[in-house]
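**Student:** Below you will find the structure I want to go over with you.
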Amino acid sequence: MVDINIKEVIEDKKTWFNIKRFNIGNINFEKPEKSIDFKNLTQFDSEVNNFPFVESTKSVKFETIEKLYDSSSEKDWEVKSFFGCKNWLKKPVVLNLTFNFDPLTIDNTEKKKALIGFLDNYYSYSNLMLSIPNIKITKYNEKTKTIEKIINLNNYKTFVDFAYENLETKNNKPIFVPISLRLSQKELQELINYYIKKERFYYWVDFEGKAINSQTIGKLRFLFRSIKSLGYYNKTLTYFTNINREIIANSQDENSPASDVLSTLCGANVVGVNKKPRKIIPIKKPSQEDLKRFLENKIRLLDSNSYYYKKAEIKTINEKICVIKNAIKLKNEFSVQAENLLKSGGDIANLLDKKDMLKSYLNGKILRDIESKKEVKNLTNWY
């Protein structure tokens, strides 16, 4: 295991916002940091220089793993393409993967070799840090119109151990273990206890397209209270990714309440890319007017003064530019949050009180949820 030396921890009094100072490779983390999605970047996009590293996330089927395992040397481009290899890219890369199958159901020797080969490839292409793939806990069966269980917690933990042992071999990168927000609080508690017992303190939280709202804030608060009560908070780091950009999006509204900008206030030390949840309810073929409204809704820019996403002029901006601009806006706002914490002596309430969305959306409930941190006593003996 490669340890990360956390040199300093500075906490906010009311929220889970915190500054943890540490290094990974040649990157010095002095505040909550933001990645940029590199899937659609080109060598002509100079904005990538504003970010210390780039990130890509993927949902992975086992059929894809088998295809890559069977790929001949003449088709190396297939492997490179899947893992997003860009020869011109000089920035460190982080790849975060979500499996939509239970690896413990694979009982064929050749298929197991395919999975091991996939992890070996992953190790080569994620060159800043490693993250054990998350596994979707449930899936929607379109035939039966029901939610089905993909994996139970015991199998989830067994797979994490298997992948950890494989990636740890001759490893010089820190390994982040997954936390699925689809787990219940009881399962989250069991998983955290298990990770800490194994001395695994670096977590990547896979939102799988979920927004930061009252429900997810409650789970995150429970997660951090559990870690703190066990006495390991200052040793842990958290990486949030696949977050829905907005709490709720309505194409008719000029303003949409932002979700991703709240990630640091809920405890993230590193914030990754956005993801929209997959639509599981079939809809009729959209009209031209529907498509126009859909596009208008996607082209929104974060207003850092209010924490709303506001509609932008489609004639002057496209979706790719919108993603880049919003990543820069988020990165800058996380810096503002950190500066405010340092200047205020550990209380960023004055900054949050100026954000109109936090005060007006649901009559301020989100702000009350975010500011519900209370002193956590060490309950190790009780646990």
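**Student:** To the nearest 20 debye, what charge dipole does the chain have about its Cα centre, counting +1 at the Cβ of each Lys and Arg and -1 at the Cβ of each Asp and Glu? Walk me through the numbers on the way to the answer.
**Tutor:** On the way: 65 positive and 48 negative charges, 142 e Å.
Dipole size: approximately 680 debye.
**Student:** Quick one: Cα centre-to-centre distance for the stretch 173-217 and the stretch 316-378, in angstrom?
**Tutor:** What the calculation gives is 22 Å, centre to centre.
**Student:** Of all DSSP beta bridges in the chain, what percent run antiparallel (nearest 5)? Show your work: numbers first, answer last.
**Tutor:** Values: 19 of 46 bridges.
DSSP beta bridges in the chain are roughly 40 percent antiparallel.
**Student:** Shifting gears a bit: Taking 35 Å as R0, compute the FRET efficiency from the Cβ-Cβ separation of Thr316 and Phe222 and round it to 0.05. Walk me through the numbers on the way to the answer.
**Tutor:** Details: r = 43 Å, r/R0 = 1.24.
So, using R0 = 35 Å, E works out to roughly 0.20.
**Student:** How much of the pair distance distribution for the stretch 75-148 lies past 22 Å, counting alpha-carbon pairs only, in percent?
**Tutor:** Values: 1048 of 2701 pairs.
Percentage above 22 Å: 39.
**Student:** Under a GNM of the chain (C-alpha, springs under 10 Å), which listed residue has the highest mean-square fluctuation: Lys198, Lys31, Lys235?
**Tutor:** Fluctuation is largest for Lys198.
**Student:** Length gain on complete extension for the stretch Asn5 to Lys359, per 0.36 nm per residue less the alpha carbon to alpha carbon distance? All intermediate terms of the calculation are to be shown ahead of the outcome.
**Tutor:** Numbers: separation 354, 0.36 × 354 = 127.44 nm, distance 3.75 nm.
Net length gain for the segment: 123.7 nm.
**Student:** Okay, moving on. Select from Ile370, Ile135, Ile147 the residue whose mean-square fluctuation is largest in a Gaussian network model of the chain (Cα-Cα springs shorter than 10 Å).
**Tutor:** Top of the fluctuation ranking is Ile147.
**Student:** How many times 2.2 N^0.38 Å is the alpha carbon radius of gyration of the chain?
**Tutor:** Numbers: Rg = 20.8 Å, N = 383, 2.2 N^0.38 = 21.1 Å.
That ratio works out to 0.98.
**Student:** Let me ask another. So how do Thr15, Thr146 rank on accessible area, 1.4 Å probe, biggest first, that is with the largest at the start?
**Tutor:** Numbers: Thr15 0, Thr146 60 Å².
The residues order as Thr146, Thr15, largest area first.
**Student:** A follow-up question, please. Can you give the calculated 222 nm mean residue ellipticity of the chain, where each DSSP H run of n ≥ 4 adds -39,500 (n - 2.57) and the sum is split over every residue, rounded to the nearest 500 deg cm²/dmol? Let's see the in-between values first.
**Tutor:** Details: 11 runs with 129 residues, N = 383.
It lands at -10500 deg cm²/dmol.
**Student:** Further, regarding this structure: Using a simple charge model, +1 on the beta-carbon of Lys and Arg, -1 on the beta-carbon of Asp and Glu, nothing else, what dipole does the stretch 1-56 show about its Cα centre, in debye to the nearest 20? Each step should come with its number before you reach the end.
**Tutor:** Values: 8 positive and 10 negative charges, 48 e Å.
Computed charge dipole of the stretch 1-56: roughly 220 debye.
**Student:** Rank Thr236, Thr64 by accessible area, highest first, at a 1.4 Å probe radius?
**Tutor:** Numbers: Thr236 0, Thr64 45 Å².
Correct descending sequence by accessible area is Thr64, Thr236.
**Student:** Among the listed pairs Lys113/Lys197; Lys34/Lys355; Lys139/Lys210; Lys210/Lys276; Lys170/Lys197, which have their C-alpha atoms separated by more than 18 angstrom in this model?
**Tutor:** Values: Lys113/Lys197 29 Å; Lys34/Lys355 20 Å; Lys139/Lys210 14 Å; Lys210/Lys276 8 Å; Lys170/Lys197 23 Å.
Violating the 18 Å Cα-Cα cut-off are Lys113/Lys197; Lys34/Lys355; Lys170/Lys197.
**Student:** What is the extension gain from Asn250 to Asn234, computed as 0.36 nm multiplied by their sequence separation minus the C-alpha to C-alpha distance, in nm to one decimal?
**Tutor:** Details: separation 16, 0.36 × 16 = 5.76 nm, distance 3.93 nm.
That pair, Asn250 and Asn234, stretches by 1.8 nm at full extension.
**Student:** Here's another thing I want to ask about it. Go through the stretch 210-225 residue by residue and turn each phi into a ³J(HN,Hα) via Karplus (6.51, -1.76, 1.60, θ = phi - 60°); whole Hz please, and just put x for glycine and proline.
**Tutor:** Karplus values, whole Hz, x for Gly and Pro: 6, 8, 7, 9, 4, 5, 6, 4, x, 5, 5, 4, 4, 4, 6, 5.
**Student:** At 0.692 mPa s and 37 °C, plugging the Kirkwood radius over alpha-carbon pairs of the stretch 181-266 into Stokes-Einstein gives what diffusion coefficient in µm²/s?
**Tutor:** Details: Rh = 13.9 Å.
Approximately 237 µm²/s, per Stokes-Einstein.
**Student:** Now for a separate question. Rounded to a whole number, what % of the accessible area of the chain do carbon and sulfur atoms account for, probe 1.4 Å? Could the numbers behind the result be given before it?
**Tutor:** Working: 9050 of 18820 Å².
Accessible surface attributable to carbon and sulfur in the chain totals 48 percent.
**Student:** To continue, here is another question. Using a simple spin-label model with points 7 Å from Cα along the Cα→Cβ vector, what separation in nm is obtained for Thr64 and Leu104?
**Tutor:** With each label placed 7 Å out from Cα toward Cβ, I get 2.3 nm.
The values are calculated or read from the model by the stated rules, or taken from the named source; none is laboratory data. Values in this document were obtained by computation on a predicted structure and should not be read as measured data. Note that we place each Cβ from the backbone using ideal geometry, even for glycine, and neighbour counts take in every protein chain shown. SASA here: full protein model, heavy atoms, side chains in, ligands and nucleic acids out. Shrake-Rupley method; radii C 1.70, N 1.55, O 1.52, S 1.80 Å.
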